[in-house]
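The values are calculated or read from the model by the stated rules, or taken from the named source; none is laboratory data. This structure is a prediction, so every number in the text was calculated from the model and none was measured. Cβ atoms come from the backbone with ideal geometry, glycine included; neighbour counts cover every protein chain shown. In case anyone asks, the SASA skips ligands and DNA or RNA and just uses the protein heavy atoms, side chains included. Shrake-Rupley method; radii C 1.70, N 1.55, O 1.52, S 1.80 Å.
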Amino acid sequence: MEAWIEALFSDAIVEEAMTLFGIHGEEKKKLGDFENYVYEVKRGEQLWILRLTHSSHRSFDEIQAELDWINDLHRQGVNVSRTDSGQRVEMIPVEKGCFYACLFDKVPGYAVKTDDSAFRSELFEAWGREIGKMHRISMNYQPANGKRERWDQGDLLRFDHYLTRSDDANIITEGERLVDEIKSFHETGKTFGLIHSDVHHGNFFYDGNEIHIFDFDDSMYHYYSSDLAIPVYYAVWDKYGDESLQVRSVFATEFLYSFLKGYRTEATISNEWLKTIPYFLKLRDFELYTVFNKKFNVDRMQEKEKKALENIRHRLVNKELIADISFDSVMKKLEKA
């Protein structure tokens, strides 16, 4: 979290938010504070997730649009973390702006790490199936209130604002070139719509058969291909991030095959659009490079973060993807499946 927002935040704000949602005198457990403050809380016998978002990060209308979509997905059978009492957003004013509070039910299942025995093809298929279901519904979704941003309005694409080192000049140029190239892709009802945009393995629980998705804070209008690239990106990064490109690519190819087996039971994507995935893998490298420079003092980071940033920068400078997927292999195996 940015230091100036951290200075505005306090336990009193959390307590006020809990009171607004009828949670009195119960314990709370902090789960995260990167983009939002997130707590696990208990009301009665049920566990809920309390999220507090500063108004500099999302507007009221953006959050309302997020909750509208989540509840529509839930009504149509997608495994998502629904909101409490419909679309409730509570506002807590502070010296600069305000914090918006939302309450979500805690989904069933458990978090799966990349070294777990469950991190295998069955999970990858379930992962693809649930995202396919979301995309199928999104293709016909008409928002009732407000609207989420488009991908190309994102703050993380302001490369020249956050990348201030002189030796990042080429990265800025290449990032802007990539954004312009993606902007040239056709936007149709089958290729572009409202997506989660961040369904990595840290944003769902697994019950052994299905995944249950949460954290829709990054939902936006984007190409559906991006929602396929993000799972590949983070699965590779977390499991084989320090390995060679060859190792990363073999795993990514196997992962995408299993993922698409599940995805194609719910939605279709042409081979032509599958081959746009590398653009979105590359875009995520640029976005994460911006994140590191926005959120951290890069000269004072922990060794783990420094190593991650070095790997991203190496790929950007050398124009190397996190994984070079064999799409011909994937498509041939899918035809036989």
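Please identify the GluC sites (Glu not before Pro) of the stretch 207-301 that satisfy two criteria: DSSP loop assignment and at most 13 other Cβ atoms within 10 Å. Which are they? Sparse-neighbourhood loop GluC sites (Glu not before Pro): GLU243. Per the Debye formula on identical point scatterers at the alpha carbon atoms of the stretch 1-125, with no solvent, log10 I(q)/I(0) at q = 0.09, 0.11, 0.22 Å⁻¹ is -0.29, -0.44, -1.32.
Computed from phi, the 3J(HN,Hα) profile of the stretch 106-112 under the Karplus parametrisation 6.51, -1.76, 1.60 (θ = phi - 60°) reads 7, 6, x, x, 9, 6, 10 Hz, with x in place of Gly and Pro. Local charge sum around THR253 (other residues, Cβ-Cβ under 12 Å, Lys/Arg +1, Asp/Glu -1)? Surrounding charge for THR253 is 0. Percent of Cα pairs in the stretch 160-261 per distance bin of 5 Å, from zero to the largest separation: 2, 10, 14, 17, 20, 21, 10, 4, 2, 0. Across the stretch 82-151, counting alpha-carbon atoms alone, Rg and Dmax equal 17.6, 49 Å. For the chain, the solvent-accessible area works out to 47 Å² per residue, with a probe of 1.4 Å and every protein chain left in place. Beyond 38 Å, what percent of the Cα pairs of the chain remain? So the pairs more than 38 Å apart make up 14 percent of the total in the chain.
With 0.36 nm allotted per residue and the present C-alpha distance subtracted, the ASP299-ASP238 stretch has 19.7 nm of extension available. Dividing the mean sequence gap of close Cα pairs (under 8 Å, 6+ apart) by how many residues the stretch 186-337 holds gives a relative contact order of 26 percent. At q = 0.16, 0.20, 0.21, 0.28 Å⁻¹, work out log10 I(q)/I(0) for the stretch 284-337 with the Debye formula, treating every Cα as an identical point scatterer and leaving solvent out; two decimals please. Listed by q, the Debye log ratios stand at -0.58, -0.72, -0.76, -1.08. Sorting 169-177, 182-190 by their mean Cβ neighbour count within 10 Å, with the most densely packed peptide first, gives 169-177, 182-190. Estimated from the Cβ-Cβ distance and a Förster radius of 45 angstrom, the FRET efficiency linking LEU20 and ARG165 is about 0.55.
Between the beta carbons of VAL247 and ALA337, assuming R0 = 35 Å, the FRET efficiency works out to 0.90 to the nearest 0.05. Each listed q (0.13, 0.24 Å⁻¹) maps to a log10 I(q)/I(0) for the stretch 230-337 from the Debye sum over equal C-alpha point scatterers, namely -0.52, -1.35. Extension gain, ASP180-LYS42: 0.36 nm per intervening residue step, less the Cα-Cα distance, totals 45.1 nm. Sorting 58-71, 319-332 by average packing, meaning the other beta carbons within 10 Å per residue, from highest down gives 58-71, 319-332.
Cα-based values for the stretch 40-195, radius of gyration first and Dmax second, are 19.1, 55 Å.
Rounded to the nearest 500, the 222 nm mean residue ellipticity of the chain from helices alone is -14500 deg cm²/dmol, with -39,500 (n - 2.57) taken per DSSP H run of at least 4 residues. Surface composition of the stretch 257-316: carbon and sulfur make up 43 percent of the accessible area, probe 1.4 Å. Estimated at 0.36 nm per residue, the fully extended path between LYS307 and SER10 surpasses their Cα-Cα distance by 103.7 nm. Pairs from the list LYS275/LYS336; LYS183/LYS307; LYS96/LYS294 with a Cα-Cα gap above 25 Å: LYS183/LYS307.
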